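Trainee: Quick one: this structure, given as structure tokens, is what I'll be asking you about.
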Amino acid sequence: MTDNAGQSAQTEHASARPEQMMRDKAYDRIETLLNSGELKPGQLVSQRELVTLTGTTLGSVREAIARFQTEGLLVALPKRGLMVPSMDVQFVREAYELRKVLELAAVEAAMQYLPQDLIADWIREFETARDVAPGQDQRQADEIQRLDWEMHNALIGAMQNQLALNVYRVNSIKIRMAVQYRLRVTPFNAERIGREHLAFLVPMRDGHIENAKRALERHIENSLTLALGGTVPSDTE
């Protein structure tokens, strides 16, 4: 009797795995579409379109949609379908304000737990970015963008707090939507981006926590200004 019950539980668990994998695939694929700009701010999209775009099932897409609605990343419009949130001032400002709170809180942990070799590697990479000449290959700028996101994620990861990491992940989707909309790294702004990152990475390497925090805060505030359509010094975009 016990063996039969155990076998039944194992069978149910095995049958549930493909369904969970499909749900995860639907969510991950929609997240990628938002991060990459394939789903744009203000765009309308139907559940059926998302099934095609994700290569999953309608049931999996519906479960993913429910999560994205809870996270504020998709909005249901009666009789019209789903909409990617518009990049209005409040949406952008709130995303960057939350980013600032989380990243400033992470600086001390990053200085304590991240390997010094990793920080040194970032410094070398952003020194290269600082020296990029305007008009150079966009592929190099795209690599700087990848490094930028990777580095900021690592800062939060250093906190070793799964709740903070989950909140930051969702907020990062909103930030990347703003980036794809009007804030991409290009060969014309790579110098400023490299310089701003060095301004907080070098103090982190040298153990100057307050200097690192002040420079990181300036970097995030500059990014917010640009995301809202403003300008900052030494940015020729």
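Trainee: Would you check which residues across segment 45-70 are small (Gly, Ala, Ser) and over 21 Å from the mean Cα position of the chain (by Cα) and list them?
Mentor: At the first step, the residues of segment 45-70 found to be small (Gly, Ala, Ser) are 46, 55, 59-60, 64, 66.
Hits for segment 45-70 are 46, 55, 59, 60.
Trainee: Would you check which residues across segment 130-167 are β-branched (Val, Ile, Thr) and modelled with pLDDT under 85 and list them? Walk me through it before giving the result.
Mentor: Restricting attention to segment 130-167, the residues satisfying the condition of being β-branched (Val, Ile, Thr) are 132, 144, 156, 167.
Selection gives 132 alone.
Trainee: Checking residue 157 against (1) surrounded by 13 or more Cβ atoms within 10 Å (Cβ to Cβ); (2) touching a residue at least 12 places away in the same chain (Cβ under 8 Å); (3) closer than 19 Å to residue 205 by Cβ: exactly one of these is not met. Which one?
Mentor: Answer for residue 157: the failing condition is (2).
Trainee: Let me ask something else. Among the residues of segment 139-152, is there at least one that is hydrophobic (A, V, I, L, M, F, W, C), over 21 Å from residue 213 (Cα atoms) and in contact with a Gly (Cβ under 8 Å, 6 or more places away or on another chain)?
Mentor: Let us first name the residues in segment 139-152 that are hydrophobic (A, V, I, L, M, F, W, C), namely 141, 144, 147, 149, 151.
In the following step, the residues that additionally are over 21 Å from residue 213 (Cα atoms) were identified as 141, 144.
Cutting the leftovers down to in contact with a Gly (Cβ under 8 Å, 6 or more places away or on another chain) gives us 144.
Checked against the condition, which is being hydrophobic (A, V, I, L, M, F, W, C), over 21 Å from residue 213 (Cα atoms) and in contact with a Gly (Cβ under 8 Å, 6 or more places away or on another chain), segment 139-152 yields at least one hit.
Trainee: Exactly one of these conditions fails for residue 49: (1) within 18 Å of residue 169 (Cα to Cα); (2) touching a Gly at 6+ places or on another chain (Cβ under 9 Å); (3) surrounded by fewer than 17 Cβ atoms within 10 Å (Cβ to Cβ). Give me its number.
Mentor: (1)
Trainee: Taking only pairs six or more apart or across chains, which ones have beta-carbon atoms under 6 Å, a first residue in segment 216-230 that is free of Cβ contacts under 8 Å to residues at least 40 places away in the same chain, and a second residue that is charged (D, E, K, R)?
Mentor: What qualifies is 219/196.
Trainee: Could you please find all residues in segment 182-219 being aromatic (Phe, Trp, Tyr) and out of contact with any helix residue (DSSP H, G or I) (no Cβ under 8 Å at 6 or more places or on another chain)? Before the answer, list the steps.
Mentor: Our first condition is that a residue be aromatic (Phe, Trp, Tyr); within segment 182-219, this holds for 188, 200.
The one that is aromatic (Phe, Trp, Tyr) and out of contact with any helix residue (DSSP H, G or I) (no Cβ under 8 Å at 6 or more places or on another chain): 188.
Trainee: On to the next question. If we scan segment 60-72, do we find a residue that is in contact with a Phe, Trp or Tyr (Cβ under 9 Å, 6 or more places away or on another chain), at pLDDT below 95 and either under 26 Å from residue 216 (Cβ atoms) or in the same structural domain as residue 148 (by TED's automatic domain parsing) (or both)?
Mentor: Yes, that holds for at least one residue.
Trainee: Shifting gears a bit: Have a look at 154, 141, 129 and point out the one that is under 13 Å from the mean Cα position of the chain (by Cα), of a type in the set (Gly, Ala, Ser) and not in a loop (DSSP other than H, G, I, E, B).
Mentor: On the way: 141 fails: under 13 Å from the mean Cα position of the chain (by Cα); 129 fails: under 13 Å from the mean Cα position of the chain (by Cα).
Answer to the selection: 154.
Trainee: Among 92, 170, which is surrounded by 13 or more Cβ atoms within 10 Å (Cβ to Cβ), modelled with pLDDT of 90 or more and in contact with a helix residue (DSSP H, G or I) (Cβ under 8 Å, 6 or more places away or on another chain)? Give the derivation first.
Mentor: Details: 170 fails: in contact with a helix residue (DSSP H, G or I) (Cβ under 8 Å, 6 or more places away or on another chain).
The conditions single out 92.
Trainee: Do we find a residue being in contact with a Lys or Arg (Cβ under 7 Å, 6 or more places away or on another chain), at pLDDT 95 or above, closer than 18 Å to residue 167 by Cβ and assigned by TED's automatic domain parsing to the domain that holds residue 157 anywhere in segment 109-129?
Mentor: No, every residue in segment 109-129 fails to be in contact with a Lys or Arg (Cβ under 7 Å, 6 or more places away or on another chain), at pLDDT 95 or above, closer than 18 Å to residue 167 by Cβ and assigned by TED's automatic domain parsing to the domain that holds residue 157.
The values are calculated or read from the model by the stated rules, or taken from the named source; none is laboratory data. What you see is a predicted model; the values in this text were computed from it and never measured. Virtual Cβ from ideal backbone geometry, glycine too; neighbours counted across all protein chains shown.
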